[in-house]
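The values are calculated or read from the model by the stated rules, or taken from the named source; none is laboratory data. Note that this is a predicted model, so its numbers are computed, not measured. Here the Cβ is made from the backbone with ideal geometry for all residues, glycine too, and neighbour counts use every protein chain on show.
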RNA sequence: GGGCGCUUAGCUCAGUUGGUUCAGAGCACUUGGUUUACACCCAAGGGGUCGGGGGUUCGAAUCCCUCAGCGCCCACCA
């Protein structure tokens, strides 16, 4: 009964009710089922530190739409949830928490620190997953995994050992960002670049054995003490005569070679570069290339070491000034220029970052990346949208070895054990390490205490790259039922910013360890931005709180809002209005349902709505095909819009208006059942987008068993449809709109019934849809091709003329003017079509279909012109 | 600096291999509406020389060249 159903849909209760119901009956659960094809998604594991933000909302809505649809299409659908331990982010949070308690990492030591970290993880680590439930995420929660849990950690260590044994992991020198204040290496992400005003010092270096000098420009004169070469561009004419010579490093008085490399820009400074391999990444590479010595001149705290000579133990910036003075007094400072450049600062301590050489672990990327490269290029793995293929290729072609060690504690500790400093063994655990160490050294007396495990942990991505395999225990037990059934997964939904960090590496690992791709398709979402296009961030305060949104608009409303305008790979400019639109849509459906539930059925009554029923049936099938097409191309917004228009326009605005009994009247049984049947189909295709309201309506369509839920109902079957019926309806809709517009213009109330006399050559349309026309345009008498009074108003729709006699006197001039404009336009149109058709090259070159259609256009236009001219004449 | 991409209605975007009413959709906007499903609504309507210029073609939003503006990724210039 109508009064039982509120006029406004209230999602809060409904959503909680259904989520528990689905959980209760285990509809999200999946296990290998040989009689069904699997459809698998592994969630991009959110950081344990994470709190649900709008990016998650978009990302997980898309995944849920895909998984729910797959479930309904009869796949064994599995969505595996989990979280990522996120070394850097989590460690930073824990450090901050300790700081509040007045503790520091160093004081409490590794073990205690990790205790705190785990405690923190237990407390906050699950929040984000709980939040996802509010969104309606239909993950198999029993399968929730965590990248630092025991089984997944074992996988990481196994892989490390394996790759090492294959000779793909090595130790090497790398430049890290050193924070002299915090005395720690920090990641690239934690470096903040700022434009600062600095100085460019022009220093004269003496050429060995000659009375000449060469001038070099530098922003960091203190690093002169670490110079091991001077570099010029081999094409630089100015320095041709310097080739092969040596220069004397000022103050240090060291003789270093002049090397040549095209890396040096001839335009910058003097075109002559000092090379300090230990303190500049580019210089380091030059040093590698030209086999230069590398002299480190700094201590960990940013003071100079013994290579600083008389500046030993003084701070780098103090030395910079003093050294400049000394150079000046030596007459070796040519000039100082003001200069603006970008300098890296530590995000945490705001200290200027010092590039520092350090020993790190690397994974060789040249060989291992090959299948990952090829199989994306040949579309074995599809990137959506495909434009990302180019980016992927560029990265793969320029890939560098992957530095996999991080100077942190929260993470997978590198399974390397050092014996007396430099010698080491790689082993799965300490016991194994000990036996390997004994073997390696030949010293059977070695004890565990003689071994020291590497202090560093592995890059977080070194665990997440195994995710699609490790969640199914594909390492611990490589031939288990789960991994054999679910792997490769179907679709990965993630952000383009981690295409290289994560996606590419998962592909690499997939081929390396399973010989198979990890997923068939990668759907790359955009970034959720605010209306002004700014990235959403806490500091800007421009990010809405997702749970508040859900409370206000319902999860269904928010889901619709997220999907309304988010083509793959494009950023979504989020506007709260999108959620409003989503909510309104749900309310619309709710009210349509309220209407139908309120109908009184009269089983004696005759069905007069068969045309409407047939039409909507076809209309539905047409939309269903379009929907299928959109989904197959991952056009989520278009898919949703197809359903949106089908429900709002076709079903509510047209179909329900066609069949709706007038007030107090009853409805016949056939129409009633057909309408409920339409609801049944509509909620099925709505379900992936708006799971809650669709389930609620479905449950009210008829008496059902508790387990008979929409979430596991069948997706409607795609069938051919009759486009003739749809075309006819379109024409009738045009006629109805024209009449409504006429009422608007003439200010005739919709309640006032009109007489209508139609001149047409296509009466079949009216034979079928006449009753509908009468009802929706409020016509009291409909006749065809009768002679009309000269003073009648006439509307021209396509090739038909609608005479509508009304009491208002006709404004002949106005009507003539409109008709003449129309005539002009149509003639112009006809002219261009005829021109095309009289062009022999068009007729002979264009496909037959195109020509035929042009001919039809010509014919239609000609007929229309006749109709217009006739009406014009009758007005004279 | 290297690579990639974008520019279509006020906004966000579709527009498949050049060819039907292809210049579209949603929102926004304007006008009218207390029709008993819904004002979170109904009906109707007005908006664009497809960034500028040039070219190829019977035909260009779509292909080519060029200019302008914007964005992203990577490496960051002493």
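Of A:188, A:158, which residue is modelled with pLDDT of 90 or more and surrounded by fewer than 18 Cβ atoms within 10 Å (Cβ to Cβ)?
Just one listed residue meets the conditions, A:158.
Just one of the numbered conditions (1) touching a strand residue (DSSP E or B) at 6+ places or on another chain (Cβ under 8 Å); (2) more than 8 Å from RNA strand B (Cβ to nearest atom) is not true of residue A:579; which one?
Looking at each condition in turn, residue A:579 falls short on (1).
Restricting attention to segment A:609-631, which residues are more than 17 Å from residue A:719 (Cβ to Cβ) and within 11 Å of RNA strand B (Cβ to nearest atom)?
Passing the criteria: only A:630.
Would you confirm, using the coordinates I've provided, whether residue A:224 is in a helix (DSSP H, G or I) and either over 30 Å from residue A:458 (Cβ atoms) or within 49 Å of the chain's Cα centre (by Cα) (or both)?
Values: in a helix (DSSP H, G or I): yes; either over 30 Å from residue A:458 (Cβ atoms) or within 49 Å of the chain's Cα centre (by Cα) (or both): yes.
Against the criterion (in a helix (DSSP H, G or I) and either over 30 Å from residue A:458 (Cβ atoms) or within 49 Å of the chain's Cα centre (by Cα) (or both)), residue A:224 qualifies.
Going through segment A:717-745 one residue at a time, which ones are more than 11 Å from RNA strand B (Cβ to nearest atom) and either assigned to a helix (DSSP H, G or I) or surrounded by 18 or more Cβ atoms within 10 Å (Cβ to Cβ) (or both)? If you could, list the steps in order and put the result at the bottom.
The first filter runs over segment A:717-745 and keeps only residues more than 11 Å from RNA strand B (Cβ to nearest atom), leaving A:717-722, A:724-726, A:728-729, A:732.
Of everything in segment A:717-745, those that are more than 11 Å from RNA strand B (Cβ to nearest atom) and either assigned to a helix (DSSP H, G or I) or surrounded by 18 or more Cβ atoms within 10 Å (Cβ to Cβ) (or both) turn out to be A:724, A:725, A:726, A:728, A:729, A:732.
When the residues of segment A:251-294 are filtered to those that are outside any loop (DSSP other than H, G, I, E, B) and over 15 Å from residue A:227 (Cβ atoms), which remaining residue is nearest to RNA strand B (Cβ to nearest atom)? Talk me through it step by step, then tell me what you get.
To start, the set of residues in segment A:251-294 that are outside any loop (DSSP other than H, G, I, E, B) comprises A:254-260, A:272-275, A:281-289.
So of that shortlist, the ones also over 15 Å from residue A:227 (Cβ atoms) come out as A:260, A:281, A:285, A:288-289.
Values: A:260: 12, A:281: 5, A:285: 8, A:288: 13, A:289: 14 Å.
Selected residue: A:281.
Quick check on residue A:45: is it in a loop (DSSP other than H, G, I, E, B), surrounded by fewer than 19 Cβ atoms within 10 Å (Cβ to Cβ) and at pLDDT 90 or above? Reasoning before the result, please.
Working: in a loop (DSSP other than H, G, I, E, B): yes; surrounded by fewer than 19 Cβ atoms within 10 Å (Cβ to Cβ): no; at pLDDT 90 or above: yes.
So residue A:45 fails the test.
Restricting segment A:656-676 to residues that are within 9 Å of RNA strand B (Cβ to nearest atom) and in a helix (DSSP H, G or I), which is surrounded by the most Cβ atoms within 10 Å (Cβ to Cβ)?
So in segment A:656-676, the residues within 9 Å of RNA strand B (Cβ to nearest atom) come out as A:656-657, A:660-664.
Then keep just the ones that are in a helix (DSSP H, G or I); that gives A:656-657.
Details: A:656: 17, A:657: 14.
Residue satisfying both the conditions and the ranking: A:656.
Among the residues of segment A:66-107, how many are in a helix (DSSP H, G or I) and modelled with pLDDT under 95? Before the answer, list the steps.
Initial filter on segment A:66-107 (in a helix (DSSP H, G or I)): A:66-72, A:87-100, A:105-107.
Then keep just the ones that are modelled with pLDDT under 95; that gives A:87-100, A:105-107.
Matching residues across segment A:66-107 total 17.
Which residues, counting only those in segment A:700-715, are within 12 Å of residue A:68 (Cα to Cα) and part of a helix (DSSP H, G or I)?
In the first step, residues of segment A:700-715 are kept if they are within 12 Å of residue A:68 (Cα to Cα); the result is A:710-715.
The answer is A:710, A:711, A:712.
Quick check on this structure: which one of A:819, A:802 is more than 10 Å from RNA strand B (Cβ to nearest atom), in a strand (DSSP E or B) and either at pLDDT below 80 or under 18 Å from residue A:741 (Cβ atoms) (or both)?
Details: A:819 fails: in a strand (DSSP E or B).
It is A:802.
Can you tell me which residue within segment A:533-560, out of those that are within 19 Å of the chain's Cα centre (by Cα) and within 11 Å of RNA strand B (Cβ to nearest atom), is nearest to residue A:692 (Cα to Cα)?
Step by step, filter segment A:533-560, then rank; the result is A:560.
Just to be sure, is residue A:200 surrounded by 14 or more Cβ atoms within 10 Å (Cβ to Cβ) and within 24 Å of residue A:97 (Cβ to Cβ)?
No: the conditions fail for residue A:200.
I'm told residue A:522 meets every condition in (1) under 18 Å from the mean Cα position of the chain (by Cα); (2) assigned to a loop (DSSP other than H, G, I, E, B) except one. Can you identify the failing condition by its number?
(2)
Determine, yes or no, whether residue A:690 is within 28 Å of residue A:766 (Cα to Cα) and either under 25 Å from the mean Cα position of the chain (by Cα) or within 16 Å of RNA strand B (Cβ to nearest atom) (or both).
Numbers: within 28 Å of residue A:766 (Cα to Cα): no; either under 25 Å from the mean Cα position of the chain (by Cα) or within 16 Å of RNA strand B (Cβ to nearest atom) (or both): yes.
So residue A:690 fails the test.
Could you run through segment A:353-366 and say how many residues are more than 15 Å from RNA strand B (Cβ to nearest atom) and in a loop (DSSP other than H, G, I, E, B)?
Qualifying residue count, segment A:353-366: 2.
Quick test for you: out of A:379, A:300, A:350, pick the one residue that is away from RNA strand B (no atom under 14 Å from the Cβ) and either assigned to a strand (DSSP E or B) or farther than 28 Å from residue A:90 by Cβ (or both).
Values: A:300 fails: either assigned to a strand (DSSP E or B) or farther than 28 Å from residue A:90 by Cβ (or both); A:350 fails: either assigned to a strand (DSSP E or B) or farther than 28 Å from residue A:90 by Cβ (or both).
That would be A:379, the only listed residue that is away from RNA strand B (no atom under 14 Å from the Cβ) and either assigned to a strand (DSSP E or B) or farther than 28 Å from residue A:90 by Cβ (or both).
Have a look at A:100, A:130 and point out the one that is without any contact (Cβ under 8 Å) to a residue 60 or more places away in the chain, within 26 Å of the chain's Cα centre (by Cα) and over 26 Å from residue A:505 (Cα atoms). Step through it out loud before you land on a result.
Numbers: A:100 fails: within 26 Å of the chain's Cα centre (by Cα).
Within the list A:100, A:130, the selection yields A:130.
Do we have residue A:376 as farther than 25 Å from residue A:568 by Cβ and either within 38 Å of the chain's Cα centre (by Cα) or surrounded by 17 or more Cβ atoms within 10 Å (Cβ to Cβ) (or both) here?
Working: farther than 25 Å from residue A:568 by Cβ: no; either within 38 Å of the chain's Cα centre (by Cα) or surrounded by 17 or more Cβ atoms within 10 Å (Cβ to Cβ) (or both): yes.
It is false that residue A:376 is farther than 25 Å from residue A:568 by Cβ and either within 38 Å of the chain's Cα centre (by Cα) or surrounded by 17 or more Cβ atoms within 10 Å (Cβ to Cβ) (or both).
Within segment A:402-417, is there a residue that is within 14 Å of RNA strand B (Cβ to nearest atom), outside any loop (DSSP other than H, G, I, E, B) and in contact with a helix residue (DSSP H, G or I) (Cβ under 9 Å, 6 or more places away or on another chain)?
Here is the first cut: in segment A:402-417, the residues within 14 Å of RNA strand B (Cβ to nearest atom) are A:402-403.
After this cut, where a residue has to be outside any loop (DSSP other than H, G, I, E, B) as well, the list is A:402-403.
If we keep only those that are in contact with a helix residue (DSSP H, G or I) (Cβ under 9 Å, 6 or more places away or on another chain) as well, we get A:402.
Yes, segment A:402-417 has at least one match.
Can you find, within segment A:703-716, the residue that is farthest from RNA strand B (Cβ to nearest atom) among those that are exposed (fewer than 12 other Cβ atoms within 10 Å of the Cβ) and free of Cβ contacts under 8 Å to residues at least 24 places away in the same chain? Lay out the reasoning, then the answer.
Here is the first cut: in segment A:703-716, the ones exposed (fewer than 12 other Cβ atoms within 10 Å of the Cβ) are A:703, A:705-707, A:714.
In the following step, the residues that additionally are free of Cβ contacts under 8 Å to residues at least 24 places away in the same chain were identified as A:703, A:705.
Numbers: A:703: 23, A:705: 29 Å.
So the residue we want is A:705.
What residue, of A:568, A:592, is over 13 Å from residue A:675 (Cα atoms) and within 11 Å of RNA strand B (Cβ to nearest atom)?
Details: A:592 fails: over 13 Å from residue A:675 (Cα atoms).
The match here is A:568.
Test of understanding: among A:406, A:505, A:413, which residue is closer than 30 Å to residue A:56 by Cα and either over 28 Å from the mean Cα position of the chain (by Cα) or modelled with pLDDT of 95 or more (or both)? Can you show your working first?
Values: A:406 fails: either over 28 Å from the mean Cα position of the chain (by Cα) or modelled with pLDDT of 95 or more (or both); A:505 fails: either over 28 Å from the mean Cα position of the chain (by Cα) or modelled with pLDDT of 95 or more (or both).
It is A:413.
What's the number of the condition residue A:761 fails, among (1) touching a strand residue (DSSP E or B) at 6+ places or on another chain (Cβ under 7 Å); (2) not in a helix (DSSP H, G or I)?
In the conditions (1) touching a strand residue (DSSP E or B) at 6+ places or on another chain (Cβ under 7 Å); (2) not in a helix (DSSP H, G or I), residue A:761 misses (1) alone.
So that you can scan it fast, the table gives a plain yes or no per residue for (1) in contact (Cβ under 8 Å) with a residue 60 or more places away in the chain; (2) surrounded by 14 or more Cβ atoms within 10 Å (Cβ to Cβ):
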site	(1), (2)
A:279	yes, yes
A:300	yes, no
A:307	yes, yes
A:310	no, no
A:319	yes, yes
A:322	no, yes
A:338	yes, no
A:342	yes, no
A:357	yes, yes
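Quick check: anything in segment A:477-498 surrounded by fewer than 17 Cβ atoms within 10 Å (Cβ to Cβ) and either within 14 Å of RNA strand B (Cβ to nearest atom) or within 19 Å of residue A:393 (Cβ to Cβ) (or both)?
Yes, because at least one residue in segment A:477-498 is surrounded by fewer than 17 Cβ atoms within 10 Å (Cβ to Cβ) and either within 14 Å of RNA strand B (Cβ to nearest atom) or within 19 Å of residue A:393 (Cβ to Cβ) (or both).
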